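Report on the following structure.
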Amino acid sequence: MITPIFLTKKLEKLLSKQITITTPLLGNNFGKWNMTIFYIAKKKWLLFTHSETMFSIVLPNIKLSDLKNIDSLFFNSFHEQLIFEKIDIDYAILKELIGNINFHPTDNDKRTIGVQNSILETIKQFKFRYSNFKDISANELCSRLNHAPYSFLKWEFPLEKMSDKLKFIKK
């Protein structure tokens, strides 16, 4: 299995050495992700969004040295978020579902990019609304994001969609 992650133009420059030039194989059961970068207090944060479920993961305070291990950081954060959300899946099973991670130049997926832009606006609002935003964990932030319904998901929550997807795949 190979899970493709499509990068924004900004990230293409940062991760140029890790980009796979070949056409991504989208035949895996799990689907693809899109990844973008944003900044909070001059620190790099990464946002990953699953294109089918709109389930999102945030990696805070990323350093350039962390980018060498971004695939394992993504996988571990994804697993931690599922545990935080009380979605029961074994680490080994999830690892098998995700498989290897390949990074690709942008695929211009307008829907996912639009959702990511909406998420980034929500994060900006959180920064101003909550004086203790710096104290919020990445898992708690993601949980808030994954509990927001979307019209094209028939007003379901990304958390529910991801949970359903994992139940379906595990069978």
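At-a-glance table
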quantity	calculated
Two-decimal Rg to Rh for the stretch 46-88 - Kirkwood Rh, Cα set	0.99
Listed peptides 112-121, 44-53 by packing density, highest first (mean Cβ within 10 Å)	44-53, 112-121
Computed lengthening from GLN18 to ALA41, 0.36 nm per intervening residue step minus Cα-Cα distance	5.6 nm
Under 12 Å from the Cα of LYS165 - aspartates and glutamates, other chains or at least 8 residues apart	GLU52
Antiparallel %, DSSP beta bridges [both residues in the chain], to 5	60 percent
Tensor-based shape of the stretch 88-154 (alpha-carbon gyration tensor, a/c under 1.5 rounded, otherwise prolate or oblate)	oblate
Cα pair count fraction exceeding 26 Å, expressed as % - the chain	24 percent
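Every read-out reported here was derived from the displayed coordinates using simple, explicitly stated rules and does not represent laboratory data. This structure is a prediction, so every number in the text was calculated from the model and none was measured. In this analysis, Cβ positions are derived from the backbone assuming ideal geometry, glycine residues included, and neighbour counts consider all displayed protein chains.
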